[in-house]
Amino acid sequence: MTTAEHLDTIDRLLTQGFPREPVRTVDSSSGPGFHLVQLSRTPPFWDDDGSGRIEAADQISAEYGALTQAVTDRWGDPQIFSLGTLRDRVFEGEEIPQPWTDLSAATDHVHLWRAAERWLVACVTQHDHEDPYLLTAAVTVVDPP
């Protein structure tokens, strides 16, 4: 997908209502107050000898950089929000609202913009070192915890 297509997806999420109950598909989840979507993904690294990981990281980093620049051009400079302590709080049993729980399980930090009444989040996630890198976006009315 192109940056323009990613922005179209984000624009749709910024205006779309939120479901009352959680809904999951292969590449997205939504629930009360949030939408979380995978915009792009690299191949997984199950059979990779390490050579594909570098190329995939470069590719997803370039897409992430183009997306964050395009969103910055629209919404201004982002906040860089660290999720490390949030992940620790989840691990210690604190109940953290979505999408922050899912995000903290898969990345160390996010770019965060205020877009009218909603937060717009962009990041690269990866759940396990053999899993693909995912260019991820979230739209939420839930303030960062």
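In the chain, which helices (entire DSSP H runs) extend 15 Å or more along their own long axis, judged by Cα positions, while averaging at least -1.0 on the Kyte-Doolittle scale?
Helices passing the filter in the chain: 3-15, 51-75.
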Gain in span if fully extended, D27 to D128, counting 0.36 nm per residue against the direct Cα distance: 34.7 nm
Where only alpha carbons of the chain are counted, the Rg and the Dmax (Å): 14.9, 45
Distance from the stretch 56-95 to the stretch 1-22 (C-alpha centre basis), Å: 17 Å
Distance in nm between pseudo-label sites at F81 and T68 (7 Å out along the Cβ direction from Cα): 1.5 nm
Nonlocal amide H pairs with F45, under 5 Å, H built at 1.01 Å: D131
Sequence-separation-based contact order of the stretch 19-140, relative, with Cα cut under 8 Å and 6+ spacing, percent: 33 percent
19 Å reach of a label modelled at Q16, 7 Å along Cα-to-Cβ, counting backbone N of the stretch 29-64: 29-41
For the stretch 19-72, with +1 on Lys and Arg beta carbons and -1 on Asp and Glu, the positive-most of P22, A57, W46 along the dipole: P22
Projected label distance in nm at A57 and D8, using a 7 Å step from Cα toward the beta-carbon: 3.2 nm
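Taken together, the values in this text are just the output of simple stated rules run on the coordinates, not laboratory data. A quick note: this is a predicted structure, and the numbers were derived from the prediction, not measured. Here Cβ is always computed from backbone atoms with ideal geometry, including for glycine, and neighbour counts include all displayed protein chains.
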